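Worksheet: one structure, shown below.
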Amino acid sequence: MDFSSHVNLLRKYGLITKTKDAVPALKNVINSCLAPEKEKILIVTDMGEGNYKVASMLGAGYCMAAKGLGLDTSFVSQRPKTSMDRADTSVEEKMGNLEERNIIILCVSNKLGEMNSIGKSFRKFSKKRNHKFISATGLGTVSNEMFAYLLNPVNIEYKKLREEQLTVKNMLDNAKEIRVTTKAGTDVWMKVKKGKAVSNDGNYVISGTGGNVPAGEVYLPPLKSGGVIVVDGSSRNEFGTWLVKNPFKMIVEKGAVVSIEGGKEAKLLEAGLLLAEERAKYPERVRRLAELGIGFNPAARIIGSMIIDEKTKGTCHFAIGSNYWFGGDNRTIIHFDQVLKNPRIEVDGVLLKTNPKAYLI
């Protein structure tokens, strides 16, 4: 679908005013995170479903913002996809025909979909082609009425965020062991390798770099881990991202989640892991503890969309599954993030101060 048809649908659904109101914030993102010069910009999005069309609003808003900045901008929209679906031919063609060293902005309700001719990984493709890129996936759990909760953490002071995260990244880069505890009952330790921390701070001005927007986390893979994790924020599983009403417990032994105890949220996570083990070539890799991430975005809130939840200041998250793309050694078919509120984080016995302030709407 082209831009004109996409906008007409937004107008039909009564969403065009909200979309236009987002343009100033999205101009800030384009300038602060991508700093475009002569690059072409390709916006890839979808139309969403029912009352969950924020991906379509965000994609159209980015297109309006880029055109308003006088940038050479193209646009393509498709129906929402899962990781098992094929992306539309028009999307595959637009991405495949984009010359190297340009910019792609991806805003989708769930996943982009498979594209065999250019590879299965959007990030790998973008880096190989030396594109700057922004990725916002899994937006299909955010209702139209909650669009502001997506837009607010996008429109922040990126310089301040980068300064705060750099301090923590440097601390984690030199760490040997990290311990995380919470009043809810978490008590887990991780051995880590030096120099593996990653700062997702929205700085994608160099060709071949990119990441999430909303930005706002520092994360790293563990070497070894063990203990108890009590999830009380939100939980990602095969079926989406869920706000946790009843905290549940994950037991970690020898670097893997060996049991999950709790109610509905625990059962959904367990069911997703079982499905992944059935599909995975190496099922023993599915339950590995893959990541510790720390949220720093002061405008983010836990709303049931992981791309926002995991960035919320005063939270941390642990992921189960794959971590090879950010310095880990586990490659598998899932990466399920689990968000905790108000963690106490000790790095080699020193308390990490992140001005805790967790929010749940």
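The values are calculated or read from the model by the stated rules, or taken from the named source; none is laboratory data. Predicted model only: the values in this text are computed from it and were never measured. Positions of Cβ are backbone-derived with ideal geometry, glycine not excepted, and every protein chain shown enters the neighbour counts.
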Only residues that are surrounded by fewer than 21 Cβ atoms within 10 Å (Cβ to Cβ) and under 19 Å from the mean Cα position of the chain (by Cα): list them for region 33-71, please. TYR52
Show the residue pairs that are 6+ apart or on different chains and have beta-carbon atoms under 9 Å apart, the first residue being within region 76-88 and assigned by TED's automatic domain parsing to the domain that holds GLY140 and over 12 Å from GLY140 (Cβ atoms), the second being part of a strand (DSSP E or B) and among the hydroxyl-bearing types (Ser, Thr, Tyr). VAL76/THR45; SER77/THR45; GLN78/THR45; ASP88/SER77
Just the residues that are basic (Lys, Arg) and free of Cβ contacts under 8 Å to residues at least 12 places away in the same chain, please, taken from region 244-280. LYS267
LYS267 vs (1) basic (Lys, Arg); (2) closer than 23 Å to SER121 by Cα; (3) out of contact with any Leu (no Cβ under 8 Å at 6 or more places or on another chain): all pass except (2)
Lone unmet requirement of (1) on the phi > 0 side of the Ramachandran plot; (2) assigned to a strand (DSSP E or B) for MET250: (1)
Any residue in region 287-303 that is of a type in the set (Phe, Trp, Tyr), at pLDDT 95 or above, in contact with a Lys or Arg (Cβ under 9 Å, 6 or more places away or on another chain) and in the same structural domain as PRO214 (by TED's automatic domain parsing)? yes
